[in-house]
Amino acid sequence: MIKVWDPFIRGYHWTLVAIVVSNQFVNNPSENWHGRLGYLAVGLLGIRFFWGFFSNFYSRWSSFFPTMTRIKAYYKLFRQNQAPRMLTHNPFAALAMIAMLGLICLLGLSGWMMTLDSYFGELWLQEIHSWLATGLLSVIGLHLFGVIHESYQKKENLIGSMFHGNKKLAPCKDKIEQS
């Protein structure tokens with residue numbers, strides 16, 4: 001076994017999960033838990049952004065950033081049912097992760113804009129916020145499907161690795177092809 005996901009990444013991941021799930025149920029404007037949790041999520045993203053430059057190899061952006069070269073190489077192998085097992089994110093998972101992070105940032109921005117006097121009560125902004133939330137839930141669904149598929153395909157409990165941080169030290173390929 002090898003320690004891939006450090007305690008910060010695991011805590012960050014499960015805290016974001018809790019925030020996203022909670023924000024589906026707490027939307028009472030008089031208490032504003034929805035907004036507070038949204039700001040907490042954006043704050044966590046800010047910390048994660050910097051963590052991606054200074055953390056261990058597996059959490060660094062450079063270890064999994066989905067370049068076109070990596071995506072094409074992985075897709076070719078994926079279509080042939082020969083996608084390699086990877087210790088960090090495969091290019092598809094990296095795309096999903098970046099999409100989720102971007103959507104959470106946009107949700108935070110649109111939520112904050114709704115509190116400003118100049119945008120307060122604007123239906124178009126509320127609709128955009130709602131569409132972004134739906135988009136986030138859709139990408140999360142794809143992410144969960146990918147985790148389950150990859151766990152089954154590679155015979156490795158990826159959900160468990162996000163709790164304990166370890167992955168099997170079996171043949172794997174973390175670098176598809178650098179661009």
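Annotations for the structure displayed:
- For the range 77-149 versus the range 15-43, the gap between their alpha-carbon centres in whole angstrom: 16
- Given charges at Cβ of Lys, Arg, Asp, Glu: the chain dipole, positive-most of Ser22, Ile159, Cys105: Ile159
- Most to least packed among 112-119, 135-142, 95-102 [average Cβ atoms within 10 Å]: 95-102, 135-142, 112-119
- Taking the chain as the region of interest, the number of lysine pairs whose Cα atoms are within less than 19 Å, with members eight or more places apart or on different chains, is 19.
- Crossing angle, helix 123-154 versus the chain [Cα axis fit, 0-90 degrees, rounded to tens]: 20
- Rg(Cα) / (2.2 N^0.38 Å) computed for the chain, rounded to two decimals: 1.13
- Size of charge dipole - the range 2-167 - debye, nearest 20, with Cβ of Lys, Arg +1 and Asp, Glu -1, no other charges: 1040
Just so you know, all these numbers are worked out from the coordinates, no wet-lab data involved. Note that this is a predicted model, so its numbers are computed, not measured. Reconstructed Cβ throughout: ideal geometry from the backbone, glycine too, with neighbour counts over all protein chains shown.
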